[in-house]
Amino acid sequence: MSVPQLLALSSIEIVGDFAIKEYANKGGVEFLAIGLVGYVGVVIALIVSLQGSSVLLVNSGWDGISSIIESLAAYLILGERFDNYSQYMGVVFIIIGLFLLKIPWTKPHAFRIPSYTHGGKSAQL
């Protein structure tokens, strides 16, 4: 996992979130379709991010970066604001937390497509 992968994961998630919000409030099959495609993209980006990393680190980084990106989008695009300044300090603490996670900027190994079998045998659920 790397910072660019988490940025991509979070950006794809925002597309899905915003489209699903539009669908939930206004309807329209195009918003539903965009939202569903966005979440398929989230699954693919999550597979890429989890390879060679832990769920704990990927989830923490994803939550933090997603929170920052979605907050910026809500502030700049939707015009939303917090009720008091202490809430803005919460966002600053999220940014500090991301630095403390020490997420690498590059992934140590290239992504490889996982096998559909496990240990040479067909995967069974």
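The values are calculated or read from the model by the stated rules, or taken from the named source; none is laboratory data. What you are looking at is a predicted structure, and each value in this text was computed from that prediction instead of being measured. Cβ coordinates were reconstructed from backbone atoms using ideal geometry, including for glycine residues, and neighbour counts include every protein chain displayed.
Being of a type outside the set (Asp, Glu), part of a helix (DSSP H, G or I) and closer than 24 Å to residue 105 by Cβ is the filter here, so list the residues in the stretch 1-25 that pass it.
Residues satisfying the conditions are 3, 4, 5, 6, 7, 8, 9, 10, 11, 12, 14, 15.
Looking at the stretch 57-71, which of its residues are at pLDDT 90 or above and not β-branched (Val, Ile, Thr)?
Hits for the stretch 57-71 are 57, 59, 60, 61, 62, 63, 64, 66, 67.
Testing residue 52 on (1) in contact with a His (Cβ under 9 Å, 6 or more places away or on another chain); (2) closer than 19 Å to residue 17 by Cβ, one condition comes back false. Which one is that?
For residue 52, the failing item is (2).
Would you tally the residues in the stretch 23-52 being touching a Gly at 6+ places or on another chain (Cβ under 9 Å) and in contact (Cβ under 8 Å) with a residue 40 or more places away in the chain?
Adding up the residues that qualify gives 1.
Go through (1) in contact (Cβ under 8 Å) with a residue 24 or more places away in the chain; (2) within 20 Å of the chain's Cα centre (by Cα); (3) under 17 Å from residue 3 (Cβ atoms) and name the single condition residue 63 misses.
Residue 63 satisfies all of (1) in contact (Cβ under 8 Å) with a residue 24 or more places away in the chain; (2) within 20 Å of the chain's Cα centre (by Cα); (3) under 17 Å from residue 3 (Cβ atoms) except (1).
Look at residue 67 and say whether it is of a type in the set (Ser, Thr, Tyr) and surrounded by 18 or more Cβ atoms within 10 Å (Cβ to Cβ).
No: the conditions fail for residue 67.
Residue under question is residue 47, and the condition is that it be within 17 Å of residue 7 (Cα to Cα), in contact with a helix residue (DSSP H, G or I) (Cβ under 7 Å, 6 or more places away or on another chain) and modelled with pLDDT of 90 or more; does it hold?
Numbers: within 17 Å of residue 7 (Cα to Cα): yes; in contact with a helix residue (DSSP H, G or I) (Cβ under 7 Å, 6 or more places away or on another chain): no; modelled with pLDDT of 90 or more: yes.
Taking the combined requirement at face value, the residue does not satisfy it.
Would you tally the residues in the stretch 86-120 being of a type in the set (Ser, Thr, Tyr) and modelled with pLDDT under 80? First the steps, then the outcome.
Restricting attention to the stretch 86-120, the residues satisfying the condition of being of a type in the set (Ser, Thr, Tyr) are 86, 88, 106, 115-117.
Next cut, modelled with pLDDT under 80 only: 115-117.
Of the residues in the stretch 86-120, 3 are of a type in the set (Ser, Thr, Tyr) and modelled with pLDDT under 80.
For a quick check of your reading of the model, give me the residue pairs whose first member lies in the stretch 73-84 and is surrounded by fewer than 11 Cβ atoms within 10 Å (Cβ to Cβ), whose second is not in a loop (DSSP other than H, G, I, E, B), with beta-carbon atoms closer than 8 Å and at least 6 apart or on different chains.
If the second residue must be not in a loop (DSSP other than H, G, I, E, B), the pairs left are 80/74; 81/75.
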